[in-house]
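Q: A single structure is presented below for examination.
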Amino acid sequence: MVFLSRILAALALTLAGGGASAQVAASDGAFDKFYAQVTGIGKQTVNFGSNGQLVVGQGVPQISTAGGPVLVDRSVPILNNSGSPINTNARISVPPAVLGKIIRGGIAAIPVIGTGVALYDLAKEVGFTVNPDKSVIKDEATESKSGVRYGGYGQCAAPIDNCRQIAGSQSWSLAPDGYSYCNVGGGIFYPHACSYGATVPSSPSDLQALEDAIATKSGWPASSHVSRAVAEATALKPAPSFPATPQVTGPASSPGTVKSKQNPDGSSEVQTTTHNHTYQGNTVNTTTTTVTSVCNGGSCNTTTETEEPKLDEQPFAMPCGVPGTPPCAVKVDDSGMPPDGGNALKQETDDIDPQKTSILDKLGEIEEWDLGEWSWTFQLPTGCTPLPMFLGVEINPCQWQEEIHDVMTVIWLLTGITGCFVIFSRAFQ
């Protein structure tokens, strides 16, 4: 479906006529769009392709040329500080190298190319014929050269060759009047400047040669088929992204807000805001004028406030300490630091190292430890007495005393091992 719509768009452009138009509408997706961002008080910048907020409601690209590069215009409605629209226009020029790629891509994508199609006509403009099978021929051309014509003969060729043709082997001489002449058998023939042509026959070529020929042209006349050719090509294959700085134009002023209110003293107050615009490259500069009129009993007092545009004055500091940026320079209070300027953490680590050595030494001697009467066997409590209750009933846990000692021995052993592990791990950190 998309492919069919593109074909229909190309056919519609073809049927639009064979002549050049001041502007030719292209498809909405033919080129990158325009973005706007606020760059200060009363300053907005329009960019092409990225950087900012996408301008909503921008018009379709309009392609034109008038002796220079191919131009792309779009209407770009941006808002002033009061929220009212500024109906500006943004224009970029297509670099010649990009234009060559656009035309080549369109020819490669078009289903059928023939007489009357703008892409075909543009190729003919630069001396190429594109066949229906997309093969390319460099057209026959006439190369102009300078030469001379001799009185009585009418030949037009390179002087020395012509002299030889006339008299076989003669010489050039300089007459007293300063003109060159050809001495032919005693006859003198004065040369007259003229031009003659050398015909270069047609030869096979390719799309790369056509692209290069388009890329070498610095400008296109208004009568060229280039505008319609660009519209046809980008309807089939959108233009590649390329950097460009827009030229923005628009109205000299736009309306702002009008506010009115009734004051407690009975006076009425009307506040009218107007925005005046100037344009510098891709920047819209806006001067805001606010006129406040306070009327009471037929007498009015009017004041005017003007806000000039200025760049955003918020300071910007490059980040530091992250990959790709310089390290951060931080002033540190060095009071209490070691006299040699050493690292306090290193000093603390050095203090721990002897402890590690001592612990390792002790672990190496563990087999020689004399534990004396100590063991891991849990023997508490050592005594046991039945618990009397009431009505002569008693509870006697003593019968399970040995099992309780065994369970507690296991718990005591696991607790000791865990404690040792924690102590050693902290010591070696």
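Please treat every number below as a calculation from the coordinates, not as lab data. It should be emphasised that the depicted structure is a prediction, and the values quoted were computed from it without experimental measurement. Cβ sites come from the backbone with ideal geometry, for glycine too, and all protein chains shown count toward neighbours.
Q: Determine the dipole magnitude for segment 253-311: charges of +1 sit on the beta-carbon of Lys and Arg, -1 on that of Asp and Glu, nothing else is charged, the reference point is the Cα centre, and the result goes in debye to the nearest 20.
A: The calculated dipole for segment 253-311 is roughly 120 debye.
Q: Taking 0.36 nm per residue of sequence separation and subtracting the Cα-Cα distance, how much length would be gained by fully extending the chain between Thr257 and Cys295, in nm to one decimal?
A: 11.8 nm
Q: If you don't mind, there's one more thing I want to ask. Taking 7 Å along the Cα-to-C-beta vector as the label spot, tell me the Cys420-Gln280 distance in nanometres, rounded to one decimal.
A: Taking the simple label geometry, Cys420 and Gln280 are separated by 8.0 nm.
Q: Estimate the FRET efficiency between Lys134 and Thr287 by the formula 1/(1 + (r/R0)^6), using the beta-carbon distance for r and 45 Å for R0, to the nearest 0.05.
A: The pair Lys134/Thr287 has a calculated efficiency of 0.20.
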